[in-house]
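One structure is given below, encoded as structure tokens.
The values are calculated or read from the model by the stated rules, or taken from the named source; none is laboratory data. In this text, all values refer to a predicted model and were calculated from it rather than measured experimentally. All Cβ positions, even for glycine, are placed from backbone atoms using ideal geometry, and neighbour counts span all protein chains on display.
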Amino acid sequence: MGLFDGKKGVVFGIANERSIAWAITQQLAEQGAEIGFTHLPDKDPARPKNENKVRRLVDPLGAKFVLPCNVQDDEQLDSVFKSIEEQFGKIDFVLHSIAFAPPQDLTGPVYNVSRGGFTTAMDISVYSLIALAGRARPIFNEGGSLLTLTYLGGERVIPGYNLMGLCKAGLESATEYLASEMGPEGLRVNAISAGPVKTISASGVGDFKKMLQLYETFSPLRRNISEEEVGKSGMFLLSDLASGITGETLHVDCGYHVMGGPPLDAFEP
Ligand code: NAD
């Protein structure tokens, strides 16, 4: 018996085998979920690189569908949700694991962020959660669960996280407002604040090697999280085991977020 036997849902945000969405997908599939997927549309349909990367991973799991979806495009979102309803009727979960900021705006200080870069980053990384929530609401079964991915840089300043920190602050606030609005309908909205995981998105943020070292040295567990740990926590929040949890940002970061300063032995001669 799996926790997701008879449950159906959609995963937005697999780019490759390193994606956090893939780690969560594997746990969902292991628990018996029926899943449909989207991928970033390919620029050249004759060379469907994005689609192929996703299909290679999810087809062996028995993916119910694999559809292109740019979350900046309302028509595409409408058409994807029409297909979801045609394929599944009602759904039980949606995973939102999407973020982007133009590199030139992400790598510099926040005071240099352009209006266009800010708008794009907020649109893809924050508004997309709202866009999915609004479209999923009418087709969610009672107990439906929406999950997004955030990072500590949305709560406090993490050098190098820059513009994405502003996005994550917005995303966490959206998680709370959506939870409060959708809760009376029996729907839950949560976020996982993950420690660093080496993915394509992470490579665009600060000095990733140093981030990993920081977590190894400062986090209570003195190590980095594994993708599998994020996968299991994601599956938990999407499952009925978490039926009493909503509006929550769950830190899956080996405890790093509780530290107010470095461990005292970090500076011993
Ligand atoms: P990833 O690059 O594998 O995933 C990001 C996904 O966003 C990709 O699938 C990409 O195709 C998608 N995307 C970007 N622009 C899009 C658009 N316009 N339309 C549709 N999809 C679009 O990296 P990841 O690290 O797995 O990131 C997933 C989420 O986890 C992000 O929200 C990220 O900020 C968050 N997160 C990552 C880490 C980490 O260390 N990797 C830590 C905490 C939170």
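Anything in region 46-60 that is at pLDDT 95 or above and either among the β-branched types (Val, Ile, Thr) or in a loop (DSSP other than H, G, I, E, B) (or both)? List them, or say none.
Those that are at pLDDT 95 or above and either among the β-branched types (Val, Ile, Thr) or in a loop (DSSP other than H, G, I, E, B) (or both): 54, 58.
Tell me yes or no: at least one residue of region 40-50 is within 12 Å of the ligand (Cβ to nearest atom) and either hydrophobic (A, V, I, L, M, F, W, C) or buried (at least 21 other Cβ atoms within 10 Å of the Cβ) (or both).
yes
Among the numbered conditions (1) at pLDDT below 95; (2) buried (at least 23 other Cβ atoms within 10 Å of the Cβ), tell me where residue 133 comes up short.
Condition (1) is where residue 133 drops out.
Among all residue pairs at least 6 apart or on different chains, which show Cβ distances below 6 Å where the first residue, located in region 197-210, is within 21 Å of residue 40 (Cβ to Cβ) and the second is among the charged types (D, E, K, R) and more than 7 Å from the ligand (Cβ to nearest atom)?
Pairs found: 197/227.
Quick one: which of 147, 106, 132 is within 16 Å of residue 190 (Cβ to Cβ) and in contact with a Gly (Cβ under 9 Å, 6 or more places away or on another chain)?
147
Tell me the residue from 61, 67 that is within 28 Å of residue 143 (Cβ to Cβ) and touching a Phe, Trp or Tyr at 6+ places or on another chain (Cβ under 8 Å), please.
Going through 61, 67 in turn, just one is within 28 Å of residue 143 (Cβ to Cβ) and touching a Phe, Trp or Tyr at 6+ places or on another chain (Cβ under 8 Å): 67.
From 201, 145, grab the single residue that is within 14 Å of the ligand (Cβ to nearest atom) and within 17 Å of the chain's Cα centre (by Cα). Give the steps one after another, and end with the answer.
Numbers: 145 fails: within 14 Å of the ligand (Cβ to nearest atom).
Selected residue: 201, the only one of 201, 145 that is within 14 Å of the ligand (Cβ to nearest atom) and within 17 Å of the chain's Cα centre (by Cα).
For region 186-234, what are the residues that are loosely packed, with under 13 Cβ neighbours inside 10 Å, more than 25 Å from residue 25 (Cα to Cα) and of a type in the set (Asp, Glu)?
Result: 207, single match.
Check whether at least one residue in region 23-33 is surrounded by fewer than 19 Cβ atoms within 10 Å (Cβ to Cβ), out of contact with any Asp or Glu (no Cβ under 6 Å at 6 or more places or on another chain) and assigned to a loop (DSSP other than H, G, I, E, B), and report yes or no.
Among the residues of region 23-33, at least one is surrounded by fewer than 19 Cβ atoms within 10 Å (Cβ to Cβ), out of contact with any Asp or Glu (no Cβ under 6 Å at 6 or more places or on another chain) and assigned to a loop (DSSP other than H, G, I, E, B), which makes the answer yes.
Considering 216, 181, 176, 229, which residue is over 16 Å from residue 125 (Cβ atoms), in contact with a Lys or Arg (Cβ under 7 Å, 6 or more places away or on another chain) and not in a loop (DSSP other than H, G, I, E, B)?
After applying the criteria, what remains is 216.
Given the options 185, 176, 181, name the one that is over 21 Å from the mean Cα position of the chain (by Cα) and not basic (Lys, Arg).
Selected residue: 185, the only one of 185, 176, 181 that is over 21 Å from the mean Cα position of the chain (by Cα) and not basic (Lys, Arg).
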